[in-house]
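Worksheet: the structure to be examined is printed underneath.
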Amino acid sequence: MIKRKRFIIKGNIHLKFIICFLTVIAGGVLIAVYLIYRSSNEIVEKATFSCHLSVNSTGELFYRTILETNLLIAGISVIMGLVAIGFFHLYLESFFLSLAEALRRMARGDFDFRLKTKGGWMVSRLLKDVNGLIANLENDSLETTRLLDSLLGALDSGALDLNKIKAANELLGSKCRLRKDQEA
């Protein structure tokens, strides 16, 4: 039986989304309570101080007001929820687009950029890790280029230093072994 993997995003993205969702619901409830209080107060005053005395059940007095208020609150809550989900979607979409562009640039060997971590509400730690990866790859690329340049310079000058070649080969080999160990 294959064990199911659990993926949890760093930075408590789930918890932050739930908090946003509950905030929208709490806002809707507070607005509903206020509107029902205000409208029921008007109904009671109107029924109490009316010149015409009529006997109605409480349900008849408040039914229409409560129904209208609940429909209004449901509409407002849906709109607030859609706006919150829309902003959340745009935030994640822009993050993944920038991450994909960064990976394309890194695949081309371009390491002269860093991802912006401003406003990194939920993914700033991940962006900092990616920036660290870019810096490490840039350093490795520069060091490899420097080693190859020194070897080519030694070949051009005719002064081959066997120790220098062995040291460069060991350094490049150790990096390759580290990468193979990490892949395994």
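The values are calculated or read from the model by the stated rules, or taken from the named source; none is laboratory data. Keep in mind that this is a model prediction, so the values were computed, not measured. Counting neighbours? That spans all protein chains shown, and the Cβs are built from the backbone with ideal geometry, glycine included.
Some points to look at:
- Selection status of PHE62, closer than 30 Å to VAL123 by Cβ, surrounded by 14 or more Cβ atoms within 10 Å (Cβ to Cβ) and outside the structural domain of VAL123 (by TED's automatic domain parsing): no
- Here ALA100 meets the list (1) out of contact with any helix residue (DSSP H, G or I) (no Cβ under 9 Å at 6 or more places or on another chain); (2) more than 30 Å from SER141 (Cβ to Cβ); (3) without any contact (Cβ under 8 Å) to a residue 24 or more places away in the chain almost entirely, failing just condition (2).
Residue-wise test of (1) surrounded by fewer than 10 Cβ atoms within 10 Å (Cβ to Cβ); (2) modelled with pLDDT of 70 or more; (3) over 30 Å from LEU15 (Cβ atoms); (4) assigned by TED's automatic domain parsing to the domain that holds LYS16.
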| residue | (1), (2), (3), (4) |
| --- | --- |
| LEU127 | no, yes, no, no |
| ASN139 | no, yes, yes, no |
| THR144 | no, yes, yes, no |
| ASP149 | no, yes, yes, no |
| ALA159 | yes, no, yes, no |
| ARG177 | no, no, yes, no |
| ASP181 | yes, no, yes, no |
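- The range 59-79 residues that are farther than 12 Å from VAL29 by Cα, paired with ones that are hydrophobic (A, V, I, L, M, F, W, C) and assigned to a helix (DSSP H, G or I) (beta carbon under 7 Å, 6 or more apart): LEU61/ILE43; LEU61/ALA47; PHE62/ILE43; THR65/ILE43; ILE66/ILE36
- Near pairs, Cβ below 6 angstrom, 6+ apart or cross-chain, from the range 103-114 (closer than 15 Å to LEU142 by Cα) to any residue that is surrounded by 11 or more Cβ atoms within 10 Å (Cβ to Cβ) and of a type in the set (Asp, Glu): PHE111/GLU138
- There is at least one residue in the range 116-125 that is surrounded by 11 or more Cβ atoms within 10 Å (Cβ to Cβ) and not in a loop (DSSP other than H, G, I, E, B).
- Residues satisfying the stated conditions in the range 77-125, i.e. at pLDDT 80 or above and β-branched (Val, Ile, Thr): VAL78, ILE79, VAL83, ILE85
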